[in-house]
Amino acid sequence: MEKKAPSDFLKSVLGRPVDVKLNNGVEYKGVLACLDGFMNIAMEQTQEYVNGQLKAQYGDCFIRGNNVLYISASK
């Protein structure tokens, strides 16, 4: 199994669908447009899920990095 640095993973998912979970449990699913060194995230075609239920849809979404619990590639 090949080891990957977190920065390598993040570069590999730019422009692809991702799931972003926040510290408060809210989840965002969309296309990762860009991110910076503070883990601030810009997403496109974003859907917001609260308790597993779709609550809102956004064309563009910006998430402050200190709120992010994890980022994962969508399946």
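Every number in this text was worked out from the coordinates using simple rules, so none of it is lab data. Keep in mind that what you see is a predicted model, and the values were worked out from it rather than measured. As a convention, Cβ positions derive from the backbone with ideal geometry for all residues, glycine included, and neighbour counts pool all protein chains shown.
Residue count for the stretch 10-49 satisfying the condition of being more than 10 Å from the chain's Cα centre (by Cα), crowded, with 16+ Cβ neighbours inside 10 Å and among the aromatic types (Phe, Trp, Tyr): 1.
Contact map, the stretch 1-27: residues that are on the phi > 0 side of the Ramachandran plot paired with residues that are surrounded by 12 or more Cβ atoms within 10 Å (Cβ to Cβ) and not hydroxyl-bearing (Ser, Thr, Tyr), Cβ distance under 9 Å, separation 6+ or inter-chain. Pairs shown: GLY15/VAL31; GLY15/LEU32; GLY15/ALA33; GLY25/VAL50; GLY25/LEU69.
The residue pairs whose first member lies in the stretch 48-73 and is within 11 Å of VAL20 (Cα to Cα), whose second member is not in a strand (DSSP E or B), and whose beta carbons are closer than 6 Å, counting only pairs six or more residues apart or on different chains, are GLY65/PHE38; GLY65/MET39; GLY65/ASN40; ASN67/ASN23; VAL68/MET39; LEU69/ASN23; ALA73/VAL13.
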